[in-house]
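Worksheet: one structure, shown below.
The values are calculated or read from the model by the stated rules, or taken from the named source; none is laboratory data. Predicted model only: the values in this text are computed from it and were never measured. Heads up, the Cβs are rebuilt from the backbone with ideal geometry, glycines too, and the neighbour counts pull from every protein chain shown.
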Amino acid sequence: MKEQFPTSSVLRERDYLRQYEYLVLTVGPEDSLPEAYRRLVEHAEYGKWDLKRSRLYVGGGRRFWLQRRITQVQRTV
């Protein structure tokens, strides 16, 4: 069965044990590669995300996994 890619999607998850937050960015085969890279750069620059993994699928779809450390804010009184 062939996996269908949406035009574009973003999924956020948290891993509380490892203190990381993950963002999965899915790019469909009909989206342009420069546009996908532009979105990755925006997430990395403004959201402080690091590229963890990328994958190219047979149909032309791409999926990018980004991660960043969860910062715990200490309350000061």
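Might you let me know whether the stretch 9-19 holds any residue that is under 10 Å from the mean Cα position of the chain (by Cα) and at pLDDT 80 or above?
Within the stretch 9-19, not a single residue is under 10 Å from the mean Cα position of the chain (by Cα) and at pLDDT 80 or above.
If you go through the stretch 27-58 one residue at a time, how many are assigned to a loop (DSSP other than H, G, I, E, B) and farther than 25 Å from residue 69 by Cβ? Spell out the reasoning first.
Residues of the stretch 27-58 assigned to a loop (DSSP other than H, G, I, E, B): 28-32, 48-49, 57-58.
Of the ones still in play, those that are also farther than 25 Å from residue 69 by Cβ are 28-32, 57-58.
Of the residues in the stretch 27-58, 7 are assigned to a loop (DSSP other than H, G, I, E, B) and farther than 25 Å from residue 69 by Cβ.
Could you tell me which residue of the stretch 41-68 is surrounded by the most Cβ atoms within 10 Å (Cβ to Cβ), considering only residues that are touching a Phe, Trp or Tyr at 6+ places or on another chain (Cβ under 6 Å) and closer than 14 Å to residue 22 by Cβ?
66
Residues 23, 33: which one is modelled with pLDDT under 90, among the aliphatic types (A, V, I, L, M) and surrounded by 11 or more Cβ atoms within 10 Å (Cβ to Cβ)?
On the way: 33 fails: surrounded by 11 or more Cβ atoms within 10 Å (Cβ to Cβ).
Only one candidate passes the filter, namely 23.
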